[in-house]
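The values are calculated or read from the model by the stated rules, or taken from the named source; none is laboratory data. Small disclaimer: the values here were computed from a predicted structure and weren't measured. Methodologically, a virtual Cβ is constructed for each residue, glycine included, from the backbone with ideal geometry; neighbour enumeration extends over all protein chains shown. Note: accessible area is taken over every heavy atom of the protein model, side chains too, but ligands, DNA and RNA are not part of it. Shrake-Rupley method; radii C 1.70, N 1.55, O 1.52, S 1.80 Å.
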Amino acid sequence: SQRFSPEQRLSRGATAMKPYLLAYNAACGAGWAFCAAKTASAIVAGASARDAYADMGQVLMVSQTAMLMEILHSLIGLVPSPVVTVAIQVFSRIFIVWGHLYWVPECQAHWSLFLMIMSWSITEVVRYSFYFCALLGTVPFPLFWLRYSLFMALYPTGITGEILQTLVGMGAHWKTANPLWYRLSLIILVLYAPAGPGMIANMWGNRKRSFKKRFAAKVEPTGVVWPKTKSGDRSSTSTNRAIIAAAAAAGPGGSDAAAKVSKERNWRFGYTKHVIDHVTQSLQSEEACLKMARAGLETAQTTFTFLREGHPEMPMKEAMEKLAGDAFETAELQGAGEAGKRELSLSYGGVLGRPYYKFKRARQQKISGMELRSQLDRWVEYGTMEADVAEALKEVQLNQEKWLDLSGMYFVLLGAASAMGPLHFLLSLGANVVAIARPNALKGILEKAKGTPGKVIFPAKKGSDWKALLEAEDFAGLSKVSGCDLMTQTPEIAQWLKGVAPGKQLTVGNYTYLDGALHVQIAVACDCIMEKLCRERKDTAVAFLGTPTDAHVITDTAAAASAEALEKVPTWMKLWQAIGVLVPNRPNEAGGFKFLNSIVPDQGPNYILSKRMQHWRAMVARADGHIASSNISPSTATSSVTKNASFAAAYGGMHIFKPIEVIYQELSLSLMGALLVHDLRNEKSAAHPSTKLAHPLCLFQATSFHGGIWRCPYSIGSIGIPSALTYYFATYRPWILLGVFSFATTVQYAAVGRVPGVLARAALLVPRMALQPFASLAAALSVPL
């Protein structure tokens, strides 16, 4: 039998409705079982379809009509099924039974009734039995196999029966009784051509995923893991919520604020308001902000656990001390490249106000000198970046000969191979990079590093002959004895880093990213490492890459610019706003500060918690006397983002909302790398603890290249739909116009029975002889045309 967790059996919040769902599935299954038995007995007895319908017609109509409830179940979240898919399946059947079968005696008497009802009945008896058992927690394998295998035969037979029933109803009754319904039926029949194979393909995908999941080896996770919940699983929701609640409890709101978080049932979609409340409470005072940050980090480190074979499961904070073995020795590769001219340059070939993807070929074009300064001024004037970003980069440019010599600086890159990490930028300037990466990723890093003036320091297994492999440039062999895993070797990595480059200042940057719950796990691992290094090496600096889609304190000038832009938006934007799609980008106010809610809910609570933890660590480290660099990077078209079709489309059209600009990662990497250098080199930068800030959260306000989000008239979370439609129309315009023409033609035919003249004339060119096979087939199947 297959076991199901409560989350798999029911959608969140639906447990109380379990008795109802059990009764619903049992009743529907019984109804279809009755139809199957009556149909089978009629076939065996040689009875007519008309007699079979007389016996079970009423039960059939009730059972099929009851399936309308499944749309409601999906719509209100009672079950996790997709609403659109369920609606298509249900209404296609409602169309048959109430649109043809019930009203047309010829349909009730046609042999295709047996084919259709038998296919439906067997399918539904198995499906409702499967759901019933799943609600109870166990699905026997035979039932599981039937659920995901019978469709291969029953979907084609059922669809064939539906088509024949529709044709009979059209030819025998509706053509004269109601020509409008006749034409609508014909349109629906045409839709069967793409929809039928699509439904079968969907079930093939479901079968593949379900069998893979059922027979997947149940391997206990290792390393940093989410703690077990009361139900025995490692769900992320309760822990995610508990960490935010712990931070809230330490703030001005106290236990009342924590209770408000803890009582949120729909955390997946309701987390945003609690993050906004968290920022609001944090802005009440510097003391409150730091207390909440420390509480959140402490809860994360004591709640998340570490699993390793041969050891009991223990909190991360405890594991960082008890399991801190001496597993690595220090290996290094000095690149053979020569340091080039020390000149600040950025990779950019775009044009403001134009879609970024139009300039893909120019993405690696370098701008420097006066051209760079002019571009920085254009960005500031357009509103894509704040003025202090341009000033910081100009400061780096003025001191480029000295500041861009990184040969004496040491950077620990957690997630060194990350697409958004500064690895290449730092190595090109001769930096010493301590690469924390998995073996396969490390292999690529070493191959790239050998041609640069920089040095890569990396962990190698104790006792391995890494030097011989390095001398032979056998990077494949070297990767087998070097590298590490942040998730499973967290204590050993921190222990090794304690002794790397003694006497040198380490700048430890977290550049990791993983999907979903794994993002929080690796964020916890990185935070534990940073916390230990800051404690053991007092001059340690920390670095992060901020996201613009968060809740950030903004400048008064940015807020004023957004308000001014809102007053000048074109009419088409006002129409989107009027129907509730576009939401004005109005900042919240708390503690005398303005902050903007730029959270995109679709990114999910795990993503925002990971970023929140980075904020907490940056503020706490800075308060404890460490340099903390955390600059915001604009919306960047990386492969991990654009692999999501919806995000890719939205990015492709965001330029219509001035001053939004999406950029390629080449610009983001070079610009963020330059800001990191500025933060470390300039003692007056916001990153230095000696620089007085109005509030700890202002650290993320300083030198923010937000990509126009702060000054846009509408919130980043609301511009996705108009942006995506703009992209689709620009990219697929001919197909969209063809689709509009086809839709208009269909509506015209359904309403008045005519099509545009050009199509009518084209139809006359089809020879009558070409239609004869269809007429012969219809006659053989007893289908009146």
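Suppose R0 equals 30 Å. What FRET efficiency, 1/(1 + (r/R0)^6) with r the Cβ-Cβ distance, do residue 638 and residue 152 give to the nearest 0.05? Working shown, then result.
Working: r = 40 Å, r/R0 = 1.33.
With a Förster radius of 30 Å, E is 0.15.
How many Å² of accessible area per residue for the chain, probe 1.4 Å?
On the way: 35540 Å² over 785 residues.
For the chain, the per-residue accessible area is 45 Å².
How far is the Cα center of segment 132-154 from the Cα center of segment 709-766, in Å? Result: 40 Å between the Cα centres. The distance separating the Cα centre of segment 260-290 from that of segment 46-110 comes to 47 Å.
Protein-only accessible surface at a 1.4 angstrom probe places the residues 133, 526 in the order 133, 526, largest first. Here's how it looks for residue 582: its modeled amide H is under 5 Å from those of 577, which are all 5 or more places away or on a different chain. Residue 175 exposes around 120 Å² of accessible area when a 1.4 Å probe is run over every protein chain in place. Ignoring aspartates and glutamates fewer than eight residues from residue 260 along the same chain, the ones with Cα atoms less than 12 angstrom from its Cα are 277. Here is the list for segment 672-737: trypsin sites (Lys or Arg not before Pro) lying in DSSP coil, each with at most 11 other C-beta atoms within 10 angstrom of its C-beta, are 684, 692. Once the convex hull of all Cα atoms in segment 580-628 is built, its volume per residue stands at 110 Å³. For a straight C-alpha distance cut-off of 27 angstrom, the lysines reachable from residue 213 (same-chain residues fewer than eight places away being disregarded) are 18, 228, 230, 643. Across segment 453-468, rounded Karplus estimates of 3J(HN,Hα) from the backbone phi angles (6.51 cos²θ - 1.76 cosθ + 1.60, θ = phi - 60°) give x, x, 10, 10, 10, 8, x, 10, 4, 4, x, 7, 8, 5, 5, 5 Hz, Gly and Pro being marked x.
If you take the C-alpha gyration tensor of segment 46-154, multiply each eigenvalue by 5 and take the square root, what semi-axes do you get, largest first, in whole Å? Write down the numbers at each step before the final one.
Working: eigenvalues 146, 65, 26 Å².
Ellipsoid half-lengths, sorted descending, are 27, 18, 11 Å.
Under a 5 Å amide H cut-off, with hydrogens placed 1.01 Å from N, residue 235 pairs with 229 among residues at least 5 apart or on other chains.
Expressed as a whole number of Å, what is the distance separating the alpha-carbon centroids of segment 393-409 and segment 320-341? Between the Cα centres of segment 320-341 and segment 393-409 lies a distance of 24 Å.
Once fully extended, how much extra length lies between residue 222 and residue 338, figured as 0.36 nm per residue of separation less the alpha-carbon to alpha-carbon distance? Before the final figure, lay out each step's value.
Working: separation 116, 0.36 × 116 = 41.76 nm, distance 4.26 nm.
Fully extending the segment from residue 222 to residue 338 adds 37.5 nm.
Take every DSSP beta bridge whose two residues both sit in the chain; close to 55 percent of them are antiparallel. One entry in (i) 30.5; (ii) 29.1; (iii) 27.6 is Kirkwood radius over Cα pairs in Å calculated from the shown coordinates; its label is (i). For the chain, hydrophobic long helices are taken as DSSP H runs at least 18 Å long by C-alpha position along their axis with mean Kyte-Doolittle hydropathy of 1.6 or more; these are 83-96.
Go through 680, 414, 781, 759 and list them by solvent-accessible area, largest first, probe radius 1.4 Å.
Working: 680 20, 414 0, 781 50, 759 75 Å².
So, going from the largest accessible area down, we get 759, 781, 680, 414.
Using a 1.4 Å probe on the protein chains only, how many percent of the accessible area of the chain belongs to carbon and sulfur? Carbon and sulfur together cover 59 percent of it. Evaluate the Kirkwood expression for the hydrodynamic radius of segment 293-370, namely the inverse of the mean inverse distance over all pairs of different C-alpha atoms, and round to one decimal in Å. Kirkwood hydrodynamic radius for segment 293-370: 18.7 Å. Amide H to amide H distances under 5 Å link residue 455 with 335, 431, 432, 433, where only residues 5 or more positions off or on other chains count and H is placed in the peptide plane. Give the cross-link partners of residue 480 among the lysines, using a straight C-alpha distance below 25 Å as the criterion and excluding same-chain residues fewer than 8 apart. Those lysines meeting the cut-off are 443, 448, 450, 455, 461, 462, 467, 498.
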